[in-house]
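Since every read-out is calculated from the coordinates, none of them should be taken as a lab result. All values reported here derive from a predicted model rather than from experimental measurement. Neighbour counts are summed over all protein chains in view; Cβ atoms, including those assigned to glycine, are modelled from backbone coordinates with ideal geometry.
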Ligand code: M6R
């Protein structure tokens, strides 16, 4: 049931304040001083001692994994590799028994991810799952795991499953950082409190839907688009580009903002929309110069900025404001306007948003 929405994708975008709450509900202590991940409690000592974390996934779930990489390295100081399941399974990867593998999959049925898990089992490494569908093949093949609890996702373009996967990875990273004594109780509580405020912040972005749709109207006839971000917002750029290409059939690419000058900058002219995720964090000054570089070549800049930004507003063609939040949590809010804009561009182009051509919701063949 679409509950009055025109498409499942739009309904699922709007569900995110609730689905993210469902992901952390019951996993945060009443006084917000601690996190509990019941599904991995028994194996937590092995995770805390992990020599390395290898994340395997495909598509949007792989993008969530890339956000996880930043968080695990920043907060838990554990080295992380994020691998496409399809590549990982056909290499001869080096896996140590004290590695921890985390397979991320909304459906829990993706053939390559499932096969990669089976292959990795021989190494003796602990294998965890981050799945949305309870009792799915990947959930059953893994040693333990954390369900995302985003509810059934019908739109082929993943939206709420992504934000729930990222929420789980955030909780895992903060918990590991605390257990490894790398973050203070105060910092830990600040992160937990910040996470609980995310649903309201997303609600605020959703109330700007008509404004964001208007920007979509301006760019609906584009043939190409670039998405740029830095740090943990680089995976958000990749995810924004995937959302646009898979439902609107506009060619779109995501890049780390600083990589632009190593090639993609040659593509920029007055017809190229460039979506730049430019919220206030430690890379802010650098992203401001990236915006200047695009504007100097007459590219069109659509910037996702922190509310109240008074610098980028003067440089960009359009700004979309998002509420301020802890830098670690920014992927959860910044992806929302990119999902909305992709949705409206695809609708305006007359595309079948919920079932894009050539695509299956769950890729159960290799
Ligand atoms: O069910 P999974 O999370 O394993 O699916 C992985 C990809 O097939 C999936 O994320 C795909 O890229 C989506 N169409 C993205 O919106």
Inset, instruction - Order the peptides 266-274, 80-88 from the highest to the lowest mean number of other Cβ atoms within 10 Å of their residues. - result: 80-88, 266-274
Inset, instruction - Take peptides 150-161, 328-339 and line them up by average Cβ neighbours within 10 Å, highest first, as a rough protection proxy. - result: 328-339, 150-161
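Is the shape of the stretch 125-197 best called rounded, prolate or oblate, per the rule: a/c under 1.5 gives rounded, else a/b larger than b/c gives prolate, else oblate, with a ≥ b ≥ c the square roots of the Cα gyration tensor eigenvalues?
Numbers: a/c = 3.51, a/b = 1.48, b/c = 2.37.
Here the stretch 125-197 falls in the oblate category.
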Legend entry - Distance cut-off 38 Å, percentage of C-alpha pairs in the chain lying past it: 14 percent
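Taking a ≥ b ≥ c as the square roots of the Cα gyration tensor eigenvalues, with a/c under 1.5 meaning rounded and otherwise prolate when a/b beats b/c, else oblate, which class fits the stretch 1-88?
On the way: a/c = 2.66, a/b = 1.33, b/c = 2.00.
Because a/c hits 1.5 or more and a/b fails to exceed b/c, the stretch 1-88 counts as oblate.
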Legend entry - Principal-axis tilt of helix 330-348 within the chain, Cα atoms, nearest 10 degrees: 50 degrees
Legend entry - Tilt relative to the chain, helix 185-206 - C-alpha long axis, 0 to 90 degrees, to 10: 40 degrees
Inset, instruction - Pull out a ≥ b ≥ c, the square roots of the eigenvalues of the alpha-carbon gyration tensor of the stretch 217-317, then state rounded if a/c is under 1.5, prolate if not and a/b is larger than b/c, and oblate in the remaining case. - result: rounded
Inset, instruction - On a 0 to 90° scale, report how tilted helix 284-296 is relative to the longest principal axis of the chain, with both axes built from alpha carbons and the result rounded to the nearest 10. - result: 40 degrees
Inset, instruction - Restricting to the stretch 1-143, compute how many DSSP beta bridges are antiparallel as a %, nearest 5. - result: 5 percent
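If you count the DSSP beta bridges with both ends in the chain, what percent of them are antiparallel, to the nearest 5? Intermediate values should be presented prior to the final figure.
Values: 1 of 38 bridges.
Roughly 5 percent of the beta bridges in the chain run antiparallel, per DSSP.
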Legend entry - Order by protection proxy (mean Cβ within 10 Å, highest first), peptides 36-46, 172-182, 54-64, 241-251: 54-64, 241-251, 172-182, 36-46
